[in-house]
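Report on one structure; see the data block that follows.
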Amino acid sequence: MVVRNRIAEMASEVAEWRRDFHAHPELRFEEHRTAARVAELLREFGCDEVIEGFGGTGVVGVIHGSKDSKGRVLGYRADMDALPIIEATGLDHASTNPGKMHACGHDGHTSMLLGAAKYLCETRGFDGKVVLVFQPAEEGGGGARAMLDAGLMERWGVQEIYGMHNWPGMAVGEFGVRSGPLLASADKFEITVRGKGGHGAMPHQAVDTTLVAAQIVVALQSIASRNVHPLRNVVVSVCALHTETETYNVIPDSVHMMGTVRTYDKEVQALVQERIGALAQSTAAAYGAEAELNYLGGPPALINHEAEADLAAQVAQEVAGVVHRDFDPSMGGEDFAEMLEARPGCYLLIGNGDSAALHNPKYEFNDEAIPVGVSWYAEMAEKRMPLG
Ligand code: NI
């Protein structure tokens, strides 16, 4: 791995910013402290423009290269939000906001991009502009959409956009860069089952909503196995069941279900939506209950653009020496997909070593990855927008 001296020098400072963010996690569109700190640092580095409150709690920084002869503009995006998880790492810099945690490493993503900003402000060894995008609300809040709707791409003339996510299980110092599909569309849905509440000992007088909900959970699994073509990928998961009762002997009047649909295929996505509604309603009807589907949608599949992925991989190869190219796509979701629908670009995975999984209460971003990520951003700007 090749790390420039200056980047190696600043790695511990970047890790300090990261640990500070980690100790002060904020949920979607509430990233006020985080955004203020990001903007403060960008100004300290000497960014040419720093805009706060862009698309909610987003921050945009612009760095001019030492030349701007061709009008080239490169966008880099990092996410800033945390998750509603109770941290169980026991670390010195663990969350001080109960029930909130940086369990997806967005503290690391934001800090690595800040490190790159500091380096690029000092060196400016490129011909064009770098637009730094600090996005709020990646975790199901529509932060990418909010920044796009605020005119992110048009206002600064962004021509290409790149982003990075840490990946547990991949060695630190390695990258994963996949052309084409990387992450799936991630729709949310809710089903409300309404029946007739009653005494748990006298079910014949009630319409049992928990039984209906259970049958719906089972019925929905027939979509993947019996409705969708066996060679196409889809996941339908029911992840939450809520009733208004919390006791042993009351049949609830209603049950609220929440779940997610993942696929790479827009036709499959439409089919699944239709089947969820039909199965929920007809299953409920068979038991004398009613079911209502609220299909909320979500970000589209994340598809990396081929030429930009190749370039990102080339830079990753120079920085890290190990780049995985032919791994399987994931059924995870990521709203950076919306930015890649607006502009060509690539989303890279950066190794986080043998850590706990993303969204696990024991997860921790690996600070050893910081110089690797910062180096990639620096190298990419200089390679994509070379001087002279
Ligand atoms: Ni994440």
Legend entry - Positive minus negative residues near residue 99 (Lys, Arg vs Asp, Glu; Cβ under 15 Å): -3
Inset, instruction - At 37 °C and 0.692 mPa s, grab the translational diffusion coefficient of region 222-272 from Stokes-Einstein with a Kirkwood Rh over Cα pairs, rounded to a whole number in µm² per second. - result: 252
Legend entry - Dimensions in Å of the chain - Rg and Dmax from alpha carbons: 23.2, 83
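Place the peptides 125-133, 90-98 in order of packing, highest mean first, counting for every residue the other Cβ atoms within 10 Å and averaging per peptide.
Final packing ranking: 125-133, 90-98.
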Inset, instruction - Quickly rank 69-76, 228-235 as a protection proxy: mean count of other C-beta atoms within 10 Å, highest first. - result: 69-76, 228-235
Legend entry - Coordinate range along principal axes, alpha carbons of region 30-122, Å, largest first: 51, 25, 20
Inset, instruction - Compare 364, 341, 40 in a GNM of the chain, Cα atoms joined below 10 Å, and give the one with the largest fluctuation. - result: 40
Inset, instruction - Please work out the average accessible area per residue across region 185-296, using the 1.4 Å probe convention, and give it in Å². - result: 55
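Report D for region 185-296 in µm² per second (integer): Stokes-Einstein, Kirkwood Rh on Cα pairs, 25 °C, 0.890 mPa s.
Details: Rh = 14.4 Å.
Stokes-Einstein gives a translational diffusion coefficient of 170 µm²/s.
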Inset, instruction - Work out how much length residue 13 to residue 69 would gain on full extension: take 0.36 nm times their residue separation and subtract the Cα-Cα distance, in nm to one decimal. - result: 16.8 nm
Inset, instruction - Enumerate the helices in the chain for which the Kyte-Doolittle hydropathy averages -1.0 or more and the C-alpha atoms extend at least 27 Å along the helix's axis, using complete DSSP H runs. - result: 5-23, 266-286
Inset, instruction - For region 129-222, state what percent of all Cα-Cα pairs lands in each successive 10 Å bin, counting from 0 Å until the bin that includes the largest distance. - result: 10, 23, 23, 16, 15, 10, 2, 0
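Taking 0.36 nm per residue of sequence separation and subtracting the Cα-Cα distance, how much length would be gained by fully extending the chain between residue 32 and residue 202, in nm to one decimal? Working shown, then result.
Values: separation 170, 0.36 × 170 = 61.20 nm, distance 5.21 nm.
The span from residue 32 to residue 202 would gain 56.0 nm if fully extended.
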Inset, instruction - Could you please state how large a percent of the accessible area of the chain is carbon and sulfur, counting protein chains only and using a 1.4 Å probe? - result: 50
Inset, instruction - Considering only 81, 20, 107, give the residue with the highest GNM mean-square fluctuation for the chain, with springs between Cα atoms whenever their separation is below 10 Å. - result: 20
Inset, instruction - For the chain, set up a Gaussian network in which alpha carbons nearer than 10 Å are linked by springs, and say which option among 45, 21, 175 fluctuates the most. - result: 45
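Sorted by mean Cβ packing within 10 Å, highest first, what order do the peptides 162-168, 303-309 take? Walk me through the numbers on the way to the answer.
Values: 162-168: 24.3, 303-309: 18.7.
Averaged packing, sorted descending, gives the order 162-168, 303-309.
May I ask you to list the chymotrypsin sites (Phe, Trp or Tyr not before Pro) in region 311-355 that are in a DSSP loop and have at most 13 other Cβ atoms within 10 Å of their Cβ? Kindly include the intermediate steps, with their values, before the conclusion.
Working: sites: 327, 336, 347; in loops: 327.
Here the chymotrypsin sites (Phe, Trp or Tyr not before Pro) that fit, given the DSSP loop and packing criteria, are 327.
In nm, what is the difference between 0.36 nm times the number of residues separating residue 354 and residue 250 and their Cα-Cα distance?
Numbers: separation 104, 0.36 × 104 = 37.44 nm, distance 4.55 nm.
In short, 32.9 nm is gained.
The values are calculated or read from the model by the stated rules, or taken from the named source; none is laboratory data. Note that the structure is predicted; figures quoted are calculated from it, not measured. Because the Cβ atoms are built from the backbone with ideal geometry, glycine has one as well, and the counts that use them run over all protein chains shown. Areas reflect the complete protein model, heavy atoms only, side chains present, ligands, DNA and RNA absent. Shrake-Rupley method; radii C 1.70, N 1.55, O 1.52, S 1.80 Å.
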